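Asker: Before we start, here is the structure in question, set down as structure tokens.
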Amino acid sequence: MNAGDTHNEDFLAELRVAGLVVDPVPERVTFAAKASLAWRTIDAELAELTYDSALDPDRLTLVRGAAAARILTFSASDLTVDIEVEETGRDLRLIGELAPAQHAVVGVRHAEGTTEVETDEDGRFRIGPIPAGPIALSLRLAAGGMTVQTEWITL
């Protein structure tokens, strides 16, 4: 190792420290990175986002005045999950329904941990308050014991 290599290593170390001080990685980015690497249940089925009212241009042109609630639909092969997102100050509340209606334990993973509730006999549930930011749902269905997980989405 020569003197030039040591000088370069010292300089790079100083740059790393300066970067962390001047422009630290946002907490939500760190959380999303860790969550994306978390091991999912091997036999869980993935429910994909098939509708998001925030991306629907027809719905956006109809909204006037106060912001309308955000509507999300996740679909798996034998299950659809419809969710309405309500803002309650800085937090959110999720009101959802499973189709076909069935009993399940619904877990919402978010920046502060996981919040779980059970659906009623009609497959409906209400979760909140949860913090705004990235979330993912995990549904443990009573019928057949199957687990369905959604992709991560930022609310």
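The values are calculated or read from the model by the stated rules, or taken from the named source; none is laboratory data. Bear in mind that the values here come from a model prediction, so they are computed numbers and not experimental data. Note that each Cβ is placed from the backbone with ideal geometry, even for glycine, and that neighbours are counted across all protein chains shown.
Asker: Among the residues of the range 119-155, count how many are more than 17 Å from Ser77 (Cβ to Cβ) and in contact with a strand residue (DSSP E or B) (Cβ under 8 Å, 6 or more places away or on another chain).
Answerer: Number satisfying all stated conditions: 20.
Asker: If a residue must be among the small types (Gly, Ala, Ser) and in contact with a His (Cβ under 8 Å, 6 or more places away or on another chain), how many such residues does the range 121-141 contain?
Answerer: Filtering the range 121-141 down to residues among the small types (Gly, Ala, Ser) leaves 123, 128, 132-133, 136, 138.
If we keep only those that are in contact with a His (Cβ under 8 Å, 6 or more places away or on another chain) too, we end up with 123, 133.
Of the residues in the range 121-141, 2 are among the small types (Gly, Ala, Ser) and in contact with a His (Cβ under 8 Å, 6 or more places away or on another chain).
Asker: As an exercise: evaluate Arg28 against (1) closer than 16 Å to Gly133 by Cα; (2) at pLDDT 75 or above; (3) touching a Gly at 6+ places or on another chain (Cβ under 6 Å) and give the number of the one condition it does not meet.
Answerer: Condition (2) is where Arg28 drops out.
Asker: Filtering the range 126-151 down to residues that are without any contact (Cβ under 8 Å) to a residue 60 or more places away in the chain and among the hydrophobic types (A, V, I, L, M, F, W, C), which residue is nearest to Ala104 (Cα to Cα)? Steps first, answer last, please.
Answerer: Pass one, the range 126-151, residues without any contact (Cβ under 8 Å) to a residue 60 or more places away in the chain: 126-132, 135, 140, 142-145.
Next, from what is left, pick out any that are among the hydrophobic types (A, V, I, L, M, F, W, C): 127, 130, 132, 135, 142-143.
On the way: Ile127: 13, Ile130: 19, Ala132: 24, Ile135: 18, Ala142: 5, Ala143: 8 Å.
Ranking the qualifying residues of the range 126-151, first place goes to Ala142.
Asker: Confirm whether Arg109 is surrounded by 15 or more Cβ atoms within 10 Å (Cβ to Cβ) and within 14 Å of the chain's Cα centre (by Cα).
Answerer: For Arg109, the condition - surrounded by 15 or more Cβ atoms within 10 Å (Cβ to Cβ) and within 14 Å of the chain's Cα centre (by Cα) - is met.
Asker: Moving to a separate point now. Within the range 102-119, take every residue that is assigned to a loop (DSSP other than H, G, I, E, B) and touching a Gly at 6+ places or on another chain (Cβ under 7 Å) and give me the one that is modelled with the lowest pLDDT.
Answerer: Checked the range 102-119; the qualifying residue modelled with the lowest pLDDT is Ala111.
Asker: Sticking with this structure for a sec: Identify all residues within the range 93-106 that are more than 15 Å from Phe74 (Cα to Cα) and either more than 19 Å from the chain's Cα centre (by Cα) or among the β-branched types (Val, Ile, Thr) (or both); write none if there are none.
Answerer: Selection gives Gln102, His103, Val105.
Asker: Also, I was wondering about something else. How many residues are in a loop (DSSP other than H, G, I, E, B) and either closer than 20 Å to Asp91 by Cβ or under 19 Å from the mean Cα position of the chain (by Cα) (or both) when one looks only at the range 120-153?
Answerer: Number satisfying all stated conditions: 4.
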